[in-house]
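Please treat every number below as a calculation from the coordinates, not as lab data. Just so it is clear, the model here is predicted, and its values are computed rather than measured. Neighbour counts are summed over all protein chains in view; Cβ atoms, including those assigned to glycine, are modelled from backbone coordinates with ideal geometry.
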Amino acid sequence: MGTAGAGEMMSIANQPIEQYSNLYTTQALGPAETQTQQALANQAAYQSAAAQQDIQSRLDPMSYAQRQMRLQSATDRLGQLYGQDPTAFSFRAPSAYTVPGSTDVPSLATLRQGASDIAKNLALASVDKRGTNPSLHLPGPTNLSVPTVAQSYF
Amino acid sequence: MNHAPEYLQTMRALADLIRDVRMYSVWQFDFLCDWFSYFWNRGTFSYVLDKDGNAQAVCAIKLFRHLEGFLEPFIHEPDGDFCMIVLLSGRDTESLMACNAELTRRFGGPRTMLWDRGERTENGAPRMFSWIDYQKLVARMRKGPVMMNGRSNNKKGAVNLLAAEVLPNHR
């Protein structure tokens with residue numbers, strides 16, 4: 001009974017600290033993690049599209065060539081129709097395929113320091129020798145360092 | 001492939017007219033039915049029969065969003081900006097105009113209009129018109145003589161827009 005009460009005390013007292021810790025970790029590593037996943041997905045998409053063209057070109061080169069020629073001519077014609085140069089439009093975003101490097105995330109030292117600063121705020125609870133009278137022990141005032149996060153593109 | 005009896009009946013009436021277009025001239029009936037059922041089922045197929053059940057005009061189109069769609073035989077993107085006339089063959093202008101009007105009513109505009117030019121194709125480019133120019137072309141067709149004397153390869157006096165050449169300023 002007493003230990004359950006102590007556990008409940010600790011749970012409630014530490015819940016915001018844990019949430020804060022999660023937020024800190026997400027802020028610090030989330031952008032790089034998302035960017036990595038997206039970059040890998042984009043690389044895969046590019047690879048897949050390139051492979052598709054490669055396969056078409058290898059398996060049926062004449063058909064592929066004719067298709068490309070027709071498409072090129074049609075594109076030229078469309079540009080002519082609307083008074084636009086089709087070659088004037090292109091878009092490149094190499095960063096969409098770039099996996100972030102170690103410089104794009106906070107250093108391990110920073111992360112460790114931040115995490116331990118947060119951990120110092122965790123509360124403890126105890127019971128007496130008979131296993132009753134649960135009591136909560138809060139840590140002393142701690143200067144939380146402001147979490148260091150990577151610069152966001154947005 | 002199994003088809004609805006009314007579809008087969010209609011196709012029997014239209015087959016000769018469809019075969020007046022060179023591309024389909026040697027297609028067997030079954031293949032014609034299988035091929036055009038795609039358009040029939042999507043409402044991109046229009047035709048005119050006279051009171052005796054004789055075919056007067058037939059038209060099939062495909063709609064797509066991106067230009068490269070014209071290379072795909074089976075594509076249906078009604079919200080796209082492009083419309084390719086896959087088939088247009090008729091005995092008279094009025095019937096052709098009826099097909100055109102029906103499909104325009106069904107799917108609206110404006111769209112960039114395309115059709116293949118068969119052997120007269122230059123560099124594989126389909127003929128292409130802006131909506132405004134296409135409407136001008138249709139208006140000229142409605143008035144009469146110009147387009148219908150294209151190099152149609154029909155043997156029965158049928159007209160074939162796909163072989164037509166009307167407006168200047170296009171390839």
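When only the Cβ of Lys, Arg, Asp and Glu is charged (+1, +1, -1, -1), the dipole of the stretch B:1-99 relative to its Cα centre reaches about 120 debye.
Taking the number of other C-beta atoms within 10 Å as the exposure measure, put B:Arg142, A:Arg77, A:Arg92, B:Arg117 in order starting with the fewest. Please list the in-between numbers first.
Values: B:Arg142 13, A:Arg77 23, A:Arg92 6, B:Arg117 17.
Lowest to highest Cβ neighbour count: A:Arg92, B:Arg142, B:Arg117, A:Arg77.
Helix A:61-81 and the long axis of chain A differ in direction by around 90°, with both axes built from C-alpha atoms.
Taking the C-alpha atoms only, the angle from helix A:108-119 to the longest principal axis of chain A is near 40 degrees. Among A:Tyr64, A:Tyr24, A:Tyr46, the largest mean-square fluctuation in a Gaussian network model of chain A (Cα springs under 10 Å) belongs to A:Tyr64.
Along the axis of the charge dipole computed for the stretch A:2-137 (Cβ charges of +1 for Lys and Arg, -1 for Asp and Glu, origin at the Cα centre), the listed residues A:Tyr24, A:Leu81, A:Pro100 are led at the positive end by A:Leu81.
Each of A:Glu18, B:Glu68, B:Glu6 has some number of other Cβ atoms within 10 Å of its Cβ, and from fewest to most they run B:Glu6, A:Glu18, B:Glu68. Basic side chains Lys and Arg get +1 at the Cβ, acidic Asp and Glu get -1 at the Cβ, and with that the dipole of the stretch A:1-128 about its Cα centre reaches some 600 debye. Arranged from fewest to most other beta-carbon atoms within 10 Å of their beta carbon, B:Asp30, B:Asp116 become B:Asp30, B:Asp116. The C-alpha atoms of chain A define a longest principal axis, and helix A:2-59 lies at about 10 degrees to it. Counting Cβ atoms of other protein chains within 10 Å of each Cβ in A:61-70 and taking the mean gives 2.
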